[in-house]
Amino acid sequence: MLNDREAGTQFKVWDMQDLDAIPFWNKGRAILIGDAAHAMTPMQGQGGNMAIEDAKAFTLFGPEVTANEVPDILSKIDSIRRPRTKVVLESTRQTMPNTKMADRVERMDFINSYNGIRRALDELETANRLEVAASKM
Ligand SMILES: Cc1cc2nc3c(=O)[nH]c(=O)nc-3n(C[C@H](O)[C@H](O)[C@H](O)COP(=O)(O)OP(=O)(O)OC[C@H]3O[C@@H](n4cnc5c(N)ncnc54)[C@H](O)[C@@H]3O)c2cc1C
(Lines give C-alpha, C1' and ligand atoms only; values in the text may rest on other atoms or scores of the structure.)
Protein backbone atom coordinates (compact mmCIF):
# COMPACT_ATOMS: atom_id res chain seq x y z
CA MET A 1 0.00 0.00 0.00
CA LEU A 2 1.20 3.50 -0.78
CA ASN A 3 1.02 6.14 1.96
CA ASP A 4 -0.15 9.70 1.24
CA ARG A 5 3.37 10.98 0.73
CA GLU A 6 4.17 8.31 -1.87
CA ALA A 7 0.85 8.57 -3.68
CA GLY A 8 1.26 10.53 -6.89
CA THR A 9 5.01 9.99 -6.98
CA GLN A 10 5.03 6.37 -8.02
CA PHE A 11 3.37 5.80 -11.34
CA LYS A 12 4.21 4.20 -14.64
CA VAL A 13 3.25 5.23 -18.15
CA TRP A 14 2.11 2.36 -20.36
CA ASP A 15 2.05 2.72 -24.11
CA MET A 16 -1.15 1.38 -25.70
CA GLN A 17 -0.47 -0.64 -28.79
CA ASP A 18 -2.41 -2.90 -31.14
CA LEU A 19 -1.51 -5.57 -33.64
CA ASP A 20 -1.86 -5.17 -37.41
CA ALA A 21 -4.24 -7.80 -38.83
CA ILE A 22 -2.21 -10.92 -39.57
CA PRO A 23 -2.70 -13.07 -42.73
CA PHE A 24 -3.64 -16.32 -41.01
CA TRP A 25 -4.21 -17.61 -37.50
CA ASN A 26 -4.06 -21.36 -38.02
CA LYS A 27 -1.46 -23.86 -39.11
CA GLY A 28 -2.10 -27.58 -38.94
CA ARG A 29 -3.63 -28.33 -35.57
CA ALA A 30 -2.65 -24.99 -33.96
CA ILE A 31 -4.48 -21.67 -33.93
CA LEU A 32 -4.03 -18.25 -32.34
CA ILE A 33 -6.98 -16.63 -30.59
CA GLY A 34 -7.52 -13.63 -28.31
CA ASP A 35 -4.98 -10.84 -28.06
CA ALA A 36 -2.29 -13.09 -29.54
CA ALA A 37 -4.30 -13.03 -32.79
CA HIS A 38 -5.87 -9.58 -32.71
CA ALA A 39 -4.72 -7.28 -29.90
CA MET A 40 -6.59 -3.97 -30.11
CA THR A 41 -6.72 -0.86 -27.95
CA PRO A 42 -9.63 -0.59 -25.45
CA MET A 43 -11.22 2.36 -27.32
CA GLN A 44 -14.34 0.28 -27.98
CA GLY A 45 -13.88 -2.19 -25.12
CA GLN A 46 -13.83 -5.12 -27.54
CA GLY A 47 -10.53 -6.99 -27.01
CA GLY A 48 -11.88 -9.30 -24.33
CA ASN A 49 -15.22 -9.61 -26.10
CA MET A 50 -13.52 -10.78 -29.30
CA ALA A 51 -11.43 -13.25 -27.31
CA ILE A 52 -14.62 -14.71 -25.82
CA GLU A 53 -16.21 -14.99 -29.27
CA ASP A 54 -13.06 -16.78 -30.49
CA ALA A 55 -13.26 -19.22 -27.62
CA LYS A 56 -16.96 -19.87 -28.29
CA ALA A 57 -16.05 -20.86 -31.87
CA PHE A 58 -14.46 -24.00 -30.41
CA THR A 59 -17.99 -25.38 -30.03
CA LEU A 60 -17.43 -26.54 -33.64
CA PHE A 61 -15.44 -29.36 -32.06
CA GLY A 62 -18.02 -32.03 -31.35
CA PRO A 63 -17.33 -34.98 -29.08
CA GLU A 64 -16.53 -37.30 -32.01
CA VAL A 65 -13.91 -35.14 -33.73
CA THR A 66 -10.81 -36.99 -34.91
CA ALA A 67 -7.29 -35.56 -35.12
CA ASN A 68 -7.52 -35.52 -38.94
CA GLU A 69 -10.56 -33.25 -38.82
CA VAL A 70 -8.92 -30.62 -36.61
CA PRO A 71 -7.13 -28.60 -39.36
CA ASP A 72 -10.36 -28.22 -41.35
CA ILE A 73 -12.28 -27.02 -38.27
CA LEU A 74 -9.54 -24.53 -37.42
CA SER A 75 -9.66 -23.23 -41.02
CA LYS A 76 -13.40 -22.67 -40.61
CA ILE A 77 -12.81 -20.78 -37.36
CA ASP A 78 -10.13 -18.68 -39.08
CA SER A 79 -12.43 -17.94 -42.05
CA ILE A 80 -15.04 -16.37 -39.76
CA ARG A 81 -13.13 -14.97 -36.82
CA ARG A 82 -10.20 -13.32 -38.64
CA PRO A 83 -12.25 -11.08 -41.02
CA ARG A 84 -14.61 -10.12 -38.20
CA THR A 85 -11.88 -9.09 -35.77
CA LYS A 86 -10.16 -7.18 -38.61
CA VAL A 87 -13.28 -5.01 -39.00
CA VAL A 88 -13.44 -4.45 -35.24
CA LEU A 89 -9.73 -3.60 -35.13
CA GLU A 90 -10.15 -1.04 -37.93
CA SER A 91 -13.21 0.43 -36.25
CA THR A 92 -11.36 0.60 -32.93
CA ARG A 93 -8.50 2.45 -34.61
CA GLN A 94 -10.98 5.08 -35.80
CA THR A 95 -12.55 5.48 -32.36
CA MET A 96 -11.11 8.28 -30.27
CA PRO A 97 -12.13 9.51 -26.83
CA ASN A 98 -14.00 12.39 -28.54
CA THR A 99 -15.83 10.17 -31.09
CA LYS A 100 -19.52 11.10 -31.20
CA MET A 101 -21.96 8.75 -29.50
CA ALA A 102 -23.95 8.28 -32.75
CA ASP A 103 -20.81 7.00 -34.51
CA ARG A 104 -20.02 4.70 -31.63
CA VAL A 105 -23.55 3.27 -31.69
CA GLU A 106 -23.36 2.67 -35.45
CA ARG A 107 -20.13 0.73 -35.00
CA MET A 108 -21.65 -1.26 -32.17
CA ASP A 109 -24.36 -2.46 -34.58
CA PHE A 110 -21.75 -4.52 -36.42
CA ILE A 111 -20.31 -5.81 -33.16
CA ASN A 112 -23.73 -6.72 -31.76
CA SER A 113 -24.95 -8.39 -34.96
CA TYR A 114 -22.77 -11.50 -34.53
CA ASN A 115 -24.84 -14.60 -33.90
CA GLY A 116 -22.08 -17.12 -33.38
CA ILE A 117 -19.81 -19.23 -35.54
CA ARG A 118 -22.45 -21.64 -36.88
CA ARG A 119 -24.74 -18.88 -38.14
CA ALA A 120 -21.76 -17.03 -39.61
CA LEU A 121 -20.61 -20.17 -41.47
CA ASP A 122 -24.14 -20.69 -42.85
CA GLU A 123 -24.24 -17.08 -44.05
CA LEU A 124 -20.81 -17.43 -45.67
CA GLU A 125 -21.84 -20.62 -47.44
CA THR A 126 -25.06 -18.99 -48.73
CA ALA A 127 -23.12 -15.94 -49.95
CA ASN A 128 -20.62 -18.19 -51.76
CA ARG A 129 -23.43 -20.20 -53.38
CA LEU A 130 -25.14 -17.01 -54.58
CA GLU A 131 -21.86 -15.72 -55.97
CA VAL A 132 -21.30 -18.96 -57.93
CA ALA A 133 -24.90 -18.87 -59.21
CA ALA A 134 -24.54 -15.21 -60.24
CA SER A 135 -21.28 -15.93 -62.08
CA LYS A 136 -23.09 -18.55 -64.21
CA MET A 137 -25.85 -16.17 -65.31
C1 LIG B 1 -6.74 -0.76 -20.13
C2 LIG B 1 -7.50 -1.85 -20.84
C3 LIG B 1 -8.89 -1.84 -20.84
C4 LIG B 1 -9.59 -2.83 -21.50
N5 LIG B 1 -10.96 -2.81 -21.50
C6 LIG B 1 -11.64 -3.76 -22.13
C7 LIG B 1 -13.06 -3.76 -22.11
O8 LIG B 1 -13.71 -2.89 -21.55
N9 LIG B 1 -13.72 -4.75 -22.76
C10 LIG B 1 -13.04 -5.75 -23.40
O11 LIG B 1 -13.70 -6.63 -23.98
N12 LIG B 1 -11.68 -5.79 -23.42
C13 LIG B 1 -10.97 -4.83 -22.80
N14 LIG B 1 -9.60 -4.86 -22.81
C15 LIG B 1 -8.91 -5.90 -23.58
C16 LIG B 1 -8.84 -7.23 -22.82
O17 LIG B 1 -8.25 -7.05 -21.54
C18 LIG B 1 -7.99 -8.22 -23.64
O19 LIG B 1 -8.39 -8.19 -24.99
C20 LIG B 1 -8.13 -9.63 -23.10
O21 LIG B 1 -7.64 -9.69 -21.79
C22 LIG B 1 -7.37 -10.61 -23.99
O23 LIG B 1 -7.48 -11.88 -23.43
P24 LIG B 1 -6.42 -13.00 -23.79
O25 LIG B 1 -6.83 -14.19 -23.00
O26 LIG B 1 -6.33 -13.15 -25.28
O27 LIG B 1 -5.02 -12.45 -23.34
P28 LIG B 1 -4.52 -12.10 -21.86
O29 LIG B 1 -5.65 -11.61 -21.01
O30 LIG B 1 -3.33 -11.22 -22.07
O31 LIG B 1 -4.09 -13.49 -21.28
C32 LIG B 1 -2.88 -14.10 -21.68
C33 LIG B 1 -2.39 -14.87 -20.47
O34 LIG B 1 -1.27 -15.68 -20.88
C35 LIG B 1 -0.29 -15.57 -19.89
N36 LIG B 1 1.00 -15.90 -20.53
C37 LIG B 1 1.75 -15.15 -21.35
N38 LIG B 1 2.85 -15.81 -21.74
C39 LIG B 1 2.80 -17.01 -21.15
C40 LIG B 1 3.64 -18.14 -21.18
N41 LIG B 1 4.76 -18.17 -21.88
N42 LIG B 1 3.26 -19.22 -20.46
C43 LIG B 1 2.09 -19.23 -19.75
N44 LIG B 1 1.26 -18.17 -19.69
C45 LIG B 1 1.61 -17.09 -20.40
C46 LIG B 1 -0.36 -14.14 -19.39
O47 LIG B 1 0.22 -14.00 -18.13
C48 LIG B 1 -1.88 -13.96 -19.35
O49 LIG B 1 -2.44 -14.39 -18.13
C50 LIG B 1 -8.88 -3.87 -22.17
C51 LIG B 1 -7.47 -3.88 -22.15
C52 LIG B 1 -6.80 -2.88 -21.49
C53 LIG B 1 -5.28 -2.93 -21.48
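The values are calculated or read from the model by the stated rules, or taken from the named source; none is laboratory data. What you see is a predicted model; the values in this text were computed from it and never measured. As a convention, Cβ positions derive from the backbone with ideal geometry for all residues, glycine included, and neighbour counts pool all protein chains shown.
Give the range 52-72 a look and list any residue that's outside any loop (DSSP other than H, G, I, E, B) and not acidic (Asp, Glu), or say none.
Ile52, Ala55, Lys56, Ala57, Phe58, Thr59, Leu60, Ala67, Asn68, Val70, Pro71
Which ones in the range 1-36 are more than 8 Å from the ligand (Cβ to nearest atom) and not in a loop (DSSP other than H, G, I, E, B)?
Asn26, Lys27, Ala30, Ile31
Arg84: in a helix (DSSP H, G or I), out of contact with any strand residue (DSSP E or B) (no Cβ under 8 Å at 6 or more places or on another chain), closer than 24 Å to Gly116 by Cβ and basic (Lys, Arg), yes or no?
Against the criterion (in a helix (DSSP H, G or I), out of contact with any strand residue (DSSP E or B) (no Cβ under 8 Å at 6 or more places or on another chain), closer than 24 Å to Gly116 by Cβ and basic (Lys, Arg)), Arg84 qualifies.
Search the range 7-32 for residues that are without any contact (Cβ under 8 Å) to a residue 12 or more places away in the chain and pair each with any residue that is within 15 Å of the ligand (Cβ to nearest atom) and in a loop (DSSP other than H, G, I, E, B) when their beta-carbon atoms are under 6 Å apart and the residues are at least 6 apart or on different chains.
Between residues of the range 7-32 that are without any contact (Cβ under 8 Å) to a residue 12 or more places away in the chain and residues that are within 15 Å of the ligand (Cβ to nearest atom) and in a loop (DSSP other than H, G, I, E, B), the close pairs are Leu32/Trp25.
Going by what's in this entry, would Ala57 be described as out of contact with any strand residue (DSSP E or B) (no Cβ under 6 Å at 6 or more places or on another chain) and exposed (fewer than 12 other Cβ atoms within 10 Å of the Cβ)?
No, not satisfied.
Which residues, counting only those in the range 37-68, are free of Cβ contacts under 8 Å to residues at least 40 places away in the same chain, more than 16 Å from the ligand (Cβ to nearest atom) and farther than 16 Å from Lys27 by Cβ?
Passing the criteria: Phe61, Gly62, Pro63, Glu64, Val65, Thr66.
Tell me which of these Met96 doesn't satisfy, since it passes every other one: (1) part of a helix (DSSP H, G or I); (2) in contact (Cβ under 8 Å) with a residue 40 or more places away in the chain.
(1)
Condition check ((1) surrounded by 11 or more Cβ atoms within 10 Å (Cβ to Cβ); (2) aliphatic (A, V, I, L, M)) across all residues:
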{"site": "Gln44", "(1), (2)": "yes, no"}
{"site": "Met50", "(1), (2)": "yes, yes"}
{"site": "Leu74", "(1), (2)": "yes, yes"}
{"site": "Ser79", "(1), (2)": "yes, no"}
{"site": "Arg84", "(1), (2)": "yes, no"}
{"site": "Ser91", "(1), (2)": "yes, no"}
{"site": "Met101", "(1), (2)": "no, yes"}
{"site": "Met108", "(1), (2)": "yes, yes"}
{"site": "Asn115", "(1), (2)": "no, no"}
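When the range 99-137 is examined, which residues are found to be part of a loop (DSSP other than H, G, I, E, B) and at pLDDT below 90?
Thr99, Lys100, Met137
Could you pull out the residue among Ser75, Ser91, Ser79 that is of a type in the set (Gly, Ala, Ser) and either at pLDDT below 95 or assigned to a strand (DSSP E or B) (or both)?
Ser91
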